[in-house]
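J.: Have a look at the structure that comes next, please.
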Amino acid sequence: MAETLHIDRAVGKAEKYQSLLPQIEALINGEKDQTANLANISAVLHDAFGWWWVGFYLVRNDELVLGPFQGPVACTRIRKGKGVCGIAWFKAKSILVPDVEQFSGHIACSSLSVSEIVVPLFNHQGIVAGVLDIDSERYDVLDETDVHYLEQLSEIIRKQDLL
Ligand code: SME
């Protein structure tokens, strides 16, 4: 297992993802423990991109429950269809929120978070088993490029059968 990652901080966002995704795949390959792998993935993304909050919510019965994350303390439980996370779960679709004030029903875990992306995570049956949530304290950093590559990351996680 590769435990040291190479993060070139001088390159653009797309290039950074192209370098990081294979490294993340190598990092979690061969390790079946869900907590260990999701914790490392959140650490890589937080370190590489400097986002305010990066973490996972996992489906537990009829709720999302907070999983491994990097950043400040967050809400522990989110109902299906509630908040950006619960809606991404309900719709099984990624949601990009450039300004959380403009998103009806957004759940504010931190008043400093102003923009957000939530990407669903699927299990082998194609059912949403969790979401990846990323928050920024800036308006201009999260965009469709992130959605594109984070959906690739979601597929890497699905292939590893972690959920
Ligand atoms: N803002 C999210 C809640 C989770 S925190 O951002 C970590 C939402 O509306 O679902």
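The values are calculated or read from the model by the stated rules, or taken from the named source; none is laboratory data. Please read these numbers as outputs of a predicted model, since none were measured by experiment. Here the Cβ is made from the backbone with ideal geometry for all residues, glycine too, and neighbour counts use every protein chain on show. For the accessible areas, the whole protein counts, side chains as well, though only heavy atoms, and no ligand, DNA or RNA atoms are used. Shrake-Rupley method; radii C 1.70, N 1.55, O 1.52, S 1.80 Å.
J.: How about the stretch 6-43: which of its residues are part of a loop (DSSP other than H, G, I, E, B) and either among the hydroxyl-bearing types (Ser, Thr, Tyr) or in contact (Cβ under 8 Å) with a residue 40 or more places away in the chain (or both)?
T.: 7, 29, 32
J.: For the stretch 49-75, how many residues meet the condition of being of a type in the set (A, V, I, L, M) and modelled with pLDDT under 95?
T.: Here the count works out to 0.
J.: Does the stretch 135-160 hold any residues that are open to solvent by less than 60 Å² (accessible area, probe 1.4 Å) and modelled with pLDDT under 95, and which are they?
T.: Selection gives 141, 160.
J.: Within the stretch 63-105, how many residues are assigned to a loop (DSSP other than H, G, I, E, B), closer than 12 Å to residue 135 by Cα and free of Cβ contacts under 8 Å to residues at least 60 places away in the same chain?
T.: Adding up the residues that qualify gives 4.
J.: Something else about it: Restricting to the stretch 75-87, count the residues that are of a type outside the set (Ser, Thr, Tyr) and either open to solvent by 100 Å² or more (accessible area, probe 1.4 Å) or more than 8 Å from the ligand (Cβ to nearest atom) (or both).
T.: 5
J.: Scan 132, 163 and give me the residue that is open to solvent by 30 Å² or more (accessible area, probe 1.4 Å), under 17 Å from residue 34 (Cβ atoms) and under 15 Å from the mean Cα position of the chain (by Cα).
T.: After ruling out the rest, the residue left standing is 163.
J.: Let me ask another. What residue, among those in the stretch 44-62 that are within 14 Å of the ligand (Cβ to nearest atom) and not in a strand (DSSP E or B), is most open to solvent (accessible area, probe 1.4 Å)?
T.: Among them, the one singled out is 52.
J.: Name the residue that is nearest to residue 96 (Cα to Cα), counting only residues in the stretch 112-163 that are among the hydrophobic types (A, V, I, L, M, F, W, C) and in a loop (DSSP other than H, G, I, E, B).
T.: That would be 142.
J.: Ok, one more. Please go through (1) under 25 Å from residue 141 (Cα atoms); (2) surrounded by fewer than 15 Cβ atoms within 10 Å (Cβ to Cβ); (3) polar (S, T, N, Q); (4) more than 11 Å from the ligand (Cβ to nearest atom) for residue 23 and return the number of the only condition it doesn't satisfy.
T.: Status for residue 23: all satisfied but (2).
J.: I'm trying to understand the selection: among the residues of the stretch 109-142, which are more than 16 Å from residue 68 (Cβ to Cβ), charged (D, E, K, R) and touching a residue at least 60 places away in the same chain (Cβ under 8 Å)?
T.: 137
J.: When you scan the stretch 98-122, how many residues do you find that are of a type outside the set (Gly, Ala, Ser) and more than 8 Å from the ligand (Cβ to nearest atom)?
T.: 11
J.: Right, another one. Please work out if residue 111 is crowded, with 22+ Cβ neighbours inside 10 Å and among the small types (Gly, Ala, Ser).
T.: Here the answer is no, as residue 111 does not meet what is asked.
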